[in-house]
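Read the structure below first, then the notes.
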Amino acid sequence: MKVLVTGGAGFIGSNFIHYILKEHPQWEVTNLDKLTYAGNLDNLRDAETEPRYHFIKGDIADRELVDGLLRHGYDAIINFAAESHVDRSILDTSPFIETNIKGTQVLLEGARQYHIERFIQVSTDEVYGSIENGSFSELSPLSPNSPYAASKAAADLLSHAYFQTYHVPVIITRSSNNFGPYQFLEKLIPLAITNALEDKPIPVYGDGLNIRDWIFVVDHCRALDIIIQKGEDGQIYNIAGGSEKTNLELVYQLLGLLNKPKSLITFVSDRPGHDRRYALNITKITERLDWKPECSFDEALSVTVDWYLGHKPWWLRIKSGEYAKYYDRIYLHR
Ligand code: NAD
Ligand code: DAU
């Protein structure tokens, strides 16, 4: 199988490439990534010597580039490439429209022209919006609240339209919050771990009682692998870890693992439009594709903490780059 992974130098994409190269010795993987602030080739150092892995620097919204690539024949496209951070979408919506919507359209169009047999659009639970009680199924209406979530919802609708209109074999996956190795430091878990390690304040938005359902990234990669092999064209699959935590509970647990004081927590003003709770019903993927999360949250969180402890040069390099400016911009005014 010849697979085109887009956004493979980011957090989930790089974990997915490691997973696929290990699990499928016959598969060949090409990674197309623009290397934005979030793309990091350090995430894939181990793969570089692997002859079945190829890297191409480029933009998924570049039609000529994408067409030129697809001409070489791929069996599947797994689209991870995106602007992925809610706070950044609040600061500047434009790149979210360009990559998440236009970029997805260019890939879908390429898939149509070159008869790609499988197109996985990696989406998010955020497209459903917030839910106070219960959980969203794949049939729940889309109600995105942030510019990020709105751009992902638009990409989902386009993907659906390409399936209905042109029979492009699209599958949409909607996952809950991922955590694990190689996650960029702007996200809550790596931010909290690395700030705590440096005895710096950990900013908690609002009252800290917003709820997220966490999934270890390896469980997500395994779900995607099963969907590539057994998923049904035109379907949507929710993917979640079943580990709901308030942000405060999560940060307390991290501080416990790191043996750091709760006094590092600093309450800051809330994220505008902050979704209170995400929750997904995963009956469909469980019953139809026989997938369920296998990693225990507590164990996976401690594996993640150990990974950041063991990879200080990886995260120090990020902290000293463009990230420092972003960090000041986002937190100084709060
Ligand atoms: P990330 O920000 O860590 O990585 C995104 C990657 O996409 C980076 O390598 C970046 O360089 C690349 N990229 C950005 N714009 C590009 C473009 N125009 N062309 C080519 N490459 C481009 O993101 P992530 O957390 O790994 O998320 C991956 C995907 O999974 C996204 O589509 C996101 O919406 C979705 N998702 C993420 C989570 C989560 O918890 N992180 C949960 C559900 C869904
Ligand atoms: O739910 C899936 C989504 O999860 C993905 O689609 C997104 O790409 C991914 O970024 C993530 O979005 P969240 O906004 O939920 O993740 P984030 O890590 O930014 O924030 C998690 C929660 O923690 C959220 O309620 C906001 C809060 N938070 C976040 C940061 C960065 C804080 O309290 N303090 C912080 O410093």
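The values are calculated or read from the model by the stated rules, or taken from the named source; none is laboratory data. Given the structure is predicted, the values throughout are model-derived calculations rather than measurements. No Cβ is skipped: glycine too gets one built from the backbone with ideal geometry, and neighbour counts run over all protein chains shown. Heavy atoms of the whole protein, side chains included, go into the accessibility calculation; ligands, DNA and RNA do not. Shrake-Rupley method; radii C 1.70, N 1.55, O 1.52, S 1.80 Å.
Values for this structure:
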{"item": "Failed criterion for GLU232 (all others in (1) open to solvent by 80 Å² or more (accessible area, probe 1.4 Å); (2) part of a helix (DSSP H, G or I); (3) in the same structural domain as GLY8 (by TED's automatic domain parsing) hold)", "result": "(2)"}
{"item": "Among (1) touching a helix residue (DSSP H, G or I) at 6+ places or on another chain (Cβ under 8 Å); (2) without any contact (Cβ under 8 Å) to a residue 12 or more places away in the chain - the single one ILE17 does not satisfy", "result": "(2)"}
{"item": "Criterion (more than 16 Å from the chain's Cα centre (by Cα) and polar (S, T, N, Q)) met by exactly one of ASN177, ASN195", "result": "ASN195"}
{"item": "Those residues of region 40-96 which are within 16 Å of ligand 2 (Cβ to nearest atom) and open to solvent by 50 Å² or more (accessible area, probe 1.4 Å), in sequence order", "result": "ILE90, LEU91, ASP92, THR93"}
{"item": "Matching residues in region 281-316 - criterion: being basic (Lys, Arg), part of a helix (DSSP H, G or I) and under 21 Å from the mean Cα position of the chain (by Cα)", "result": "LYS284"}
{"item": "Test result for LEU32, outside any helix (DSSP H, G or I), in contact with a Ser or Thr (Cβ under 6 Å, 6 or more places away or on another chain), away from ligand 2 (no atom under 16 Å from the Cβ) and open to solvent by less than 50 Å² (accessible area, probe 1.4 Å)", "result": "yes"}
{"item": "Some residue of region 323-330 being modelled with pLDDT under 95, outside any helix (DSSP H, G or I) and within 25 Å of ASN210 (Cβ to Cβ)", "result": "no"}
{"item": "Inter-residue pairs, beta-carbon under 8 Å, first assigned by TED's automatic domain parsing to the domain that holds ASN145 and among the aliphatic types (A, V, I, L, M) and in region 84-100, second open to solvent by less than 60 Å² (accessible area, probe 1.4 Å) and assigned to a helix (DSSP H, G or I), 6+ apart", "result": "VAL86/GLU126; VAL86/TYR148; VAL86/ALA149; ILE90/PRO147; LEU91/ILE330; ILE97/SER151"}
{"item": "Every residue from region 282-334 that is surrounded by fewer than 17 Cβ atoms within 10 Å (Cβ to Cβ), among the small types (Gly, Ala, Ser) and over 20 Å from ASP199 (Cβ atoms)", "result": "SER296, SER302, GLY321"}
{"item": "Test: residue in region 139-151 that is more than 16 Å from ligand 2 (Cβ to nearest atom) and more than 21 Å from CYS221 (Cα to Cα)", "result": "yes"}
{"item": "Subset of region 5-29 [assigned to a loop (DSSP other than H, G, I, E, B) and under 22 Å from ASP87 (Cβ atoms)]", "result": "GLY7, ALA9, GLY10"}
{"item": "Subset of region 192-215 [in a strand (DSSP E or B) and either out of contact with any Gly (no Cβ under 8 Å at 6 or more places or on another chain) or acidic (Asp, Glu) (or both)]", "result": "ILE202, PRO203, VAL204, TYR205, ILE211, ARG212, ASP213"}
{"item": "Members of region 61-73 found to be within 10 Å of LEU4 (Cβ to Cβ) and of a type in the set (A, V, I, L, M), listed by number", "result": "VAL66, LEU69, LEU70"}
{"item": "Selection within region 115-128 - more than 11 Å from ligand 2 (Cβ to nearest atom) and within 16 Å of ASN210 (Cα to Cα)", "result": "none"}
{"item": "Hits in region 122-137 - residues which are aliphatic (A, V, I, L, M) and not in a helix (DSSP H, G or I)", "result": "VAL122, ILE131"}
{"item": "Given (1) more than 26 Å from HIS115 (Cβ to Cβ); (2) buried (at least 23 other Cβ atoms within 10 Å of the Cβ), number of the condition LYS22 does not satisfy", "result": "(2)"}
{"item": "Residue that is farthest from ligand 2 (Cβ to nearest atom), among those in region 169-182 that are under 22 Å from LYS284 (Cα atoms) and not hydroxyl-bearing (Ser, Thr, Tyr)", "result": "PRO169"}
{"item": "Scan of region 175-206 for residues that are open to solvent by 10 Å² or more (accessible area, probe 1.4 Å) and either within 13 Å of ligand 1 (Cβ to nearest atom) or of a type in the set (Ser, Thr, Tyr) (or both), ordered by number", "result": "ASN177, ASN178, PRO181, TYR182, GLN183, PHE184, LYS187, LEU188, TYR205"}
